[in-house]
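Here the structure is laid out as C-alpha cells; the discussion comes afterwards.
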Amino acid sequence: MKRVQRLVILGGGTAGWMTAAAMSATFGDLVNISILESDAIGTIGVGEATIPTIHWFNQLIGLDEEAFVAATKASFKLGIEFVDWARPGTRYFHPFGRYGVDLGPVPFHQHWLRAKADGLDRPLSVYSLAAQLAAAGRFAKPVDDPRSILSTLGYAYHFDAGLYARHLRQLAEKRGVVRHEGLLRDIERDPETGFVTALTSDRGERLEGDLFIDCSGFRALLIGETMGARFQDWSHWLPCDRAVAVPCARIAATTPFTRSTLRPAGWQWRIPLQHRTGNGYVYASSFVSDDEAVATLLSNLDGEALADPRMLRFTAGFRREAWRGNVVAIGLSSGFLEPLESTSIHLIQSGIAKLITLFPDADCDPVLARQFNTLFARDMDGIRDFLILHYHATQGHDAPLWQHTRHMTPPPTLVDKIAQYTRAGRLMLSADELFREASWLAVLEGQGVGALGHAPLADTLDAATNRRQLNQIETVIARATPTLPLHDAAIAALVAPQVAGR
C-alpha cells in the first residue's frame, strides 16, 4: 500500500498548530507536513482554559512545562467555580481529580450518601483537596503515591491562545513543518475518487497532498463546503449562539480556577492569566441584543478593559462525518460545543489522538473513517449531555432563556443518567466518556440534583466506621490545605529558571 507522504493542514491557530506539532512529533521525517495559514485571518481563541487531558498532548509533543507556562503566560487550573447556576446566590465547584480516597469496593460517593442517610451533614466539597485549595488560592501538583492526599489532585492550565499557537509553531517548525502564508484560492479534486489532491493559495503556491486536515474553523472549507459533510444542529438544547470577549487588567491574586457566572441570557467566563484576565459573555441572541450583552460584560470586569470587545458567532453542533474521503476535520471545522466546561482544546487533541491511531494509507480506507467518526461522535454526544445538564438543572431564574432550558426535554441519555442518580446515586457512565464520576457528582449535587438514596452496596458499610473514615479524610484535607503554596508563588517558582535564562 502507498503510504501517506504529504500531509497538508488548512488553517493555523490553535487547532492547526496543535495538529502540526503532534503529527511532526509522531511521524518525524516519514511524512512531509505543510500548513497553509494567512495572517489576514484572525483566530477564534481569546484565552483558553483547559482540562487535565491536556497533559497527554503535552507529553506527546515533548512540551517542557516550564517553557510552556512562561511562554504562554499560563496559570494553573484546579477546576471551575459556578456562580448562580443552581439558583441565585449559590456557588459550587467542579474540581479536577477526585473526591475522597479509595475505600474499597464501595465507591466513595456511596460512602458519603450512606453517611448522609445516617445523619451526616457535610458537603461533598470538603472531601476534595482541589476544591479546598482553590478556595484558599493555593496550588499543588499531584503525586503518584496513593498514600498521599496529593494523589487525588488533577490540574490543567489557563493560557493565552495566541501565545500558545506561537509556541507550538516554533516547536513544529523545528521539526520540519513548513508554513505557507496565504489565503485559500482553489481546491483540486480527483474526478474519480473525489479526494482532494491540492490546494492553491492566493499567492500562487500549490500544495499537493495525500491527506488533508481541515483546521479552517467555522468556515469548514474542506470538510463542509468541499466534501459536503453535513452539520448537525444542537441549538435546541444549547441555545447560546454568540459570545463577546474582552481582556482586562489583573488586579488581584491569580485564582487557580476558571469562573462561570450565570447571566440573564447566558453566562460569563473569567480566565485568569499571569498578565491579564480573560473575560467573555456567552449568550443567546434571541434573548438579548449584542449591545446589551457588551454592556453586561463590561460592567462585570475585575479591572480596566485592555481592548475593544470582540464578537463571535457560532452554532452548537457537529459533523457526524468529521472524516470524509481524505479530509479530516480537526477543531471548529468538525463542530463546536460552547466553552462552559473548557472542552475546546480537548476536542482538538482528541481528534488528533484518533487520527494518529487510525492514520491511513494513501487510499484512506473508509473503514478507518467510519471508526474515527463513531468515536468522535461518542465524545461529542457525551460532552453535549454534560453541558445540557448545567442548563437544564437550574432553579429560581425568571429570565426567558432559563425558563426555556429548565423546561426543555433533554436527550434520552441524559434523562436516564439523571433518573439513576436521583434514585440511588448511581452514575451510569460508559468506559470511554470524557467526564468521569467526580465531574458528574460535582454538577449534579452542585445544581441540586441530589440522590434520594444510596445503592444497596452501601448497606454493607458499618455506620460508625464509615463516619470515622469520612471525618479522617476531611481532617487530612483541612490540615494539608494551608501548608501548600499560594498559586502565584507556585507559578513564580516554576517560571523562575526561564526568566533567569533570558
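Read the figures in this text as sums done on the coordinates, not as results from a lab. Being a predicted model, the structure only gives us computed values, none of them experimental. A quick note on method: Cβ atoms are made from the backbone with ideal geometry, for glycine too, and the neighbour counts reach across all protein chains shown.
If you project the alpha carbons of region 242-313 onto the principal axes, what extent comes out on each, in Å, largest first?
Answer, in whole Å and largest first: 36, 22, 19 Å.
Nearest 10 degrees, 0 to 90: what angle lies between the long axis of helix 108-117 and the longest principal axis of the chain (Cα atoms)?
Between the helix axis and the principal axis of the chain, the angle is about 30 degrees.
Please enumerate, by chain and number, the lysines with C-alpha under 25 Å from the C-alpha of LYS354, excluding those fewer than 8 residues away in the same chain.
Filter leaves LYS2, LYS174.
List the aspartates and glutamates whose Cα lies under 15 Å from the Cα of LYS417, skipping any in the same chain that are fewer than 8 positions away.
ASP381, ASP385, GLU433, GLU437, GLU445
Within the set of other residues whose C-beta is less than 11 Å from the C-beta of SER235, count the net charge using Lys and Arg as +1 and Asp and Glu as -1. Walk me through the numbers before you get to the answer.
On the way: positive: none; negative: ASP233, ASP241, GLU338.
Net charge around SER235: -3.
Could you give me the ³J(HN,Hα) list for region 348-353, computed from phi with Karplus coefficients 6.51, -1.76, 1.60 and θ = phi - 60°, whole Hz, x at Gly and Pro?
Once rounded to whole Hz, the list reads 5, 5, 5, x, 4, 4.
What's log10 of I(q)/I(0) for region 412-452 at q = 0.14, 0.26 Å⁻¹, Debye sum over Cα points only, no solvent?
Listed by q, the Debye log ratios stand at -0.26, -0.91.
List the equivalent ellipsoid semi-axes of the chain in whole Å, largest first, each obtained as the square root of 5λ for an eigenvalue λ of the Cα gyration tensor.
Numbers: eigenvalues 301, 127, 117 Å².
Over the Cα atoms of the chain, the semi-axes work out to 39, 25, 24 Å.
When a footprinting reagent is the concern and you count Cβ atoms within 10 Å, what order do GLU304, GLU205, GLU48 take, fewest first? Please report the intermediate quantities before stating the final value.
Working: GLU304 9, GLU205 14, GLU48 26.
With the fewest neighbours first, GLU304, GLU205, GLU48 line up as GLU304, GLU205, GLU48.
Is there a quick way to get the dipole size of the chain? I mean about its Cα centre, with the Cβ of Lys and Arg at +1 and of Asp and Glu at -1; what is the value in debye to the nearest 20? Please list the in-between numbers first.
Details: 49 positive and 54 negative charges, 184 e Å.
The dipole of the chain has a size of about 880 debye.
Calculate the translational D of region 38-150 in whole µm² s⁻¹ from Stokes-Einstein, where the hydrodynamic radius comes from the Kirkwood formula applied to all Cα pairs, the temperature is 10 °C and the viscosity 1.306 mPa s.
Values: Rh = 17.3 Å.
Rounded, D is 92 µm²/s.
Sort LEU337, LEU358 so that the residue with the fewest other Cβ atoms within 10 Å of its own Cβ comes first and the one with the most comes last.
On the way: LEU337 21, LEU358 17.
Lowest to highest Cβ neighbour count: LEU358, LEU337.
I need the Debye-formula profile for region 375-502: one equal scatterer per C-alpha, no solvent, reported as log10 I(q)/I(0) at q = 0.11, 0.15, 0.17 1/Å, two decimals.
Log10 of I(q)/I(0), two decimals: -0.65, -0.93, -1.00.
Under a Cβ-Cβ cut-off of 14 Å, what is the net charge of the residues other than THR460 that fall near it, where Lys and Arg count +1 and Asp and Glu count -1? Walk me through the intermediate numbers first.
On the way: positive: ARG114; negative: ASP118, ASP459, ASP462.
Here the charged neighbours net out to -2.
Semi-axes, largest first, in whole Å: what does sqrt of 5 times each Cα gyration tensor eigenvalue give for region 321-377? Mind dumping the intermediate values first?
Working: eigenvalues 96, 20, 15 Å².
Listed largest to smallest, the semi-axes of region 321-377 are 22, 10, 9 Å.
If you take the Cα atoms of region 88-203, find Rg, then find the Kirkwood Rh from the mean of 1/r over all pairs, what is Rg/Rh?
Taking Rg over the Kirkwood Rh, I get 1.28.
List the lysines whose Cα lies under 21 Å from the Cα of LYS77, skipping any in the same chain that are fewer than 8 positions away.
LYS141
What order do you get for LEU150, LEU444 when you list them from fewest to most C-beta neighbours inside 10 Å?
Working: LEU150 16, LEU444 22.
If I rank by nearby Cβ atoms, fewest first, I get LEU150, LEU444.
Could you give the length gained by full extension between ARG122 and ARG91, i.e. 0.36 nm per residue of separation minus their alpha carbon distance, to one decimal place? Intermediate values should be presented prior to the final figure.
Details: separation 31, 0.36 × 31 = 11.16 nm, distance 1.56 nm.
Full extension from ARG122 to ARG91 adds 9.6 nm.
What do you get for the angle between helix 412-424 and the principal long axis of the chain? Use alpha-carbon atoms, 0 to 90 degrees, nearest ten.
It works out to around 20 degrees.
Among 324-336, 216-228, how do they line up from the highest to the lowest mean number of other beta-carbon atoms within 10 Å?
Sorting 324-336, 216-228 by mean packing, highest first, produces 324-336, 216-228.
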